[in-house]
Amino acid sequence: MAFLKWVLLIFTLHSFMPTPISSNLSLNKEALAQIPLNFLEFSKKPEIMDWMVNIRRKIHENRELGYEEFETSKLIRAELDLMGIPYKYPIAATGVVGYIGTGKPPFVALRADMDALAMEELVEWGHKSKVPGKMHACGHDAHVAMLLGAAKMLQHNQNDLQGTVVLIFQPAEEGGGGAKIMLDEGALDNVDAIFALHVTARVPIGMVASRPGPISAAMGFFEAVINGKGGHAAIPQHTVDPILAASNVIVSLQHLVSREADPLDSQVVSIAKFQGGGAFNVIPDSVTIGGTFRAFSKESFLQLRQRIEEVISKQASVQRCNATVIFDERSMYPVNSNNKELHEHFRKVAGEILGFENIIEMQPQMGGEDFAFFSESIPGLFFFLGMKETEGAVHSGHSPYFRVNEDVFPYGAALHASLATTYLLQNPTKHISPPEVSYRDEL
């Protein structure tokens with residue numbers, strides 16, 4: 001029965017794929033609409049579902065932080081080997097890039113991040129973390145499982161792909177800028193477009209959320225050390241108080257958004273760290289503050305960065321202190337912006353799988369996402385995959401009580417496979433002499 005279903009899928013694909021493919025390719029709308037449904041049917045098979053769940057639980061039990069995903073990467077490569085999918089490794093230390101299809105243009109990429117968070121899991125269940133102080137609290141284990149599920153379906157249908165699907169298994173999304181390193185090392189060379197998903201407990205299962213244009217903000221972190229002169233709190237006239245200086249700095253930083261930014265241009269400056277002193281009656285020599293800043297345009301982001309440094313330095317000087325401001329360059333993420341044409345493509349594919357009434361056009365969010373490095377380089381589309389259940393508490397990402405609803409896996413895998421397959425069909429290459437891609441299992 002499984003074989004017959006795939007024969008039907010292949011027949012459907014061939015029914016609207018003239019040979020050779022040309023720029024005036026005419027696609028049968030009914031046949032094109034059937035592709036996502038066939039992928040969803042396949043991904044819901046118990047053996048496929050159980051396989052994805054098993055992979056996710058293995059990764060969940062043995063979670064690893066950014067650039068340390070050696071066992072996760074090893075598991076991914078083992079599964080790709082079993083499927084006969086060639087890949088390049090290592091890229092960005094632990095990253096893996098797989099290839100399915102012709103090895104020729106057009107190229108379309110699908111991305112899953114792999115890293116965990118440095119926090120203790122408080123969910124008691126049979127597959128709780130075996131590694132103290134580390135937890136997959138953002139769903140990256142699920143992202144890997146669903147992309148491998150998509151890879152299995154695409155590899156079954158590789159002879160019918162009109163181009164090449166590139167599988168991006170990315171390290172270090174959580175503040176490590178793994179996407180930037182993969183980009184620098186050539187992971188997206190020749191790639192025309194890229195798609196990625198992220199699970200969310202804020203959207204019901206069976207629904208997705210996205211939008212054209214900016215979907216998440218540019219973000220950065222900073223730290224400032226404000227130096228004064230310590231002494232006894234009873235004789236402050238003999239000190240240069242860095243706590244007072246830091247307090248004025250924090251208040252002044254809030255004016256950057258309330259008085260300098262256009263109210264229609266959303267920006268954030270938040271101080272979340274304040275360290276200074278260890279006694280009730282001693283003014284310290286120095287205070288360290290730190291925080292984050294966000295904006296929805298490159299221009300606003302750079303302006304905010306400049307003004308943060310100026311305000312800290314000059315306000316400290318007013319209080320007779322001096323300040324050193326450090327920006328964490330590796331944590332600087334650009335705006336994550338969805339390509340309008342890819343968003344329309346996503347809507348059509350998601351509508352066939354879930355129904356158009358189950359597609360939410362969301363508001364932009366201030367959270368950062370390093371997929372932005374990819375979407376800044378080539379056209380990209382990032383969307384959220386709902387997994388909220390009708391009952392029970394909802395714990396968002398980065399919570400020690402975060403749970404993944406594994407029932408969402410067939411939807412994620414089918415969306416990945418469908419987005420890539422239909423993109424290749426609808427975007428024949430414009431290259432005159434398309435280069436072939438050569439693979440090596442390990443670099």
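The values are calculated or read from the model by the stated rules, or taken from the named source; none is laboratory data. Note that the coordinates shown come from a computational prediction; the quantities given were computed from them, not determined experimentally. All Cβ positions, glycine included, derive from the backbone under ideal geometry; neighbour counts span all protein chains shown. Surface accessibility is based on the protein's heavy atoms, side chains included, excluding ligands, DNA and RNA. Shrake-Rupley method; radii C 1.70, N 1.55, O 1.52, S 1.80 Å.
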Packing-wise, with mean Cβ within 10 Å as the measure, how do 209-217, 146-154 rank, highest first?
146-154, 209-217
For the chain, averaging the sequence separation of alpha carbon pairs under 8 Å that lie six or more residues apart and dividing by its residue count, the contact order in percent is 25
On alpha carbon coordinates alone, what is the Rg over Rh value for the range 273-345, Rh being the Kirkwood radius?
1.18
Between residue 388 and residues 5 or more places away or on another chain, which pairs have amide H atoms under 5 Å apart, with H built 1.01 Å from N, and which residues are they?
203, 205
Tell me, rounded to the nearest percent, the portion of alpha carbon pairs in the range 56-120 spaced more than 14 Å apart.
61
Per the 1.4 Å probe, what fraction of the accessible area of the chain, in percent, lies on carbon and sulfur atoms?
52
Just reorder 399, 337, 43 by solvent-accessible area, largest first, 1.4 Å probe, all chains present.
337, 399, 43
Could you sort 396, 73 by their accessible area in this structure, using a 1.4 Å probe and putting the largest first?
396, 73
On a 0 to 90 degree scale, rounded to 10, what angle separates helix 409-426 from the longest Cα axis of the chain?
70
Can you give the FRET efficiency to the nearest 0.05 for residue 270 and residue 41, using r as the Cβ-Cβ distance and R₀ = 41 Å?
0.35
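Can you give me the relative contact order of the range 218-333 as a percent, contacts being Cα pairs under 8 Å and 6 or more apart?
Over the range 218-333, the number comes to 44 percent.
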If you place +1 on the Cβ of every Lys and Arg, -1 on the Cβ of every Asp and Glu, and leave all else neutral, what size is the dipole of the chain about its Cα centre, to the nearest 20 Debye?
280
Could you give me the ³J(HN,Hα) list for the range 382-389, computed from phi with Karplus coefficients 6.51, -1.76, 1.60 and θ = phi - 60°, whole Hz, x at Gly and Pro?
10, 9, 9, 9, x, 9, 5, 8
Any idea of the accessible area per residue across the chain, 1.4 Å probe, to the nearest Å²?
44
For semi-axes √(5λ) of the Cα gyration tensor in Å, the choices are [x] 36, 25, 19; [y] 46, 23, 20; [z] 33, 26, 20; which was calculated from the structure?
[y]
Cα-based helix-to-principal-axis angle, 340-354 vs the chain, degrees rounded to 10
60
Please give the helix 29-43 orientation as an angle from the longest Cα principal axis of the chain, in degrees from 0 to 90, rounded to the nearest 10.
70
Can you give the translational diffusion coefficient of the range 83-170 in µm²/s, computed by Stokes-Einstein from the Kirkwood radius over Cα pairs at 20 °C and 1.002 mPa s?
148
Cα convex hull of the range 218-333: mean projected area in nm², to one decimal?
7.1
For a protection proxy built on the mean count of beta-carbon atoms within 10 angstrom, sort 84-95, 100-111 highest first, please.
100-111, 84-95
Distance from the Cα centre of the range 298-342 to that of the range 213-245, in angstrom?
16
The long-range amide H neighbours of residue 113, using H built 1.01 Å from N in the peptide plane and a cut-off of under 5 Å, are 170
Residue 199 long-range amide H proximity, modeled H, under 5 Å
385
Out of 312, 302, 336, whose Cα points farthest toward the positive end of the dipole of the range 298-376 (charges: +1 Lys, Arg; -1 Asp, Glu; placed on Cβ)?
312
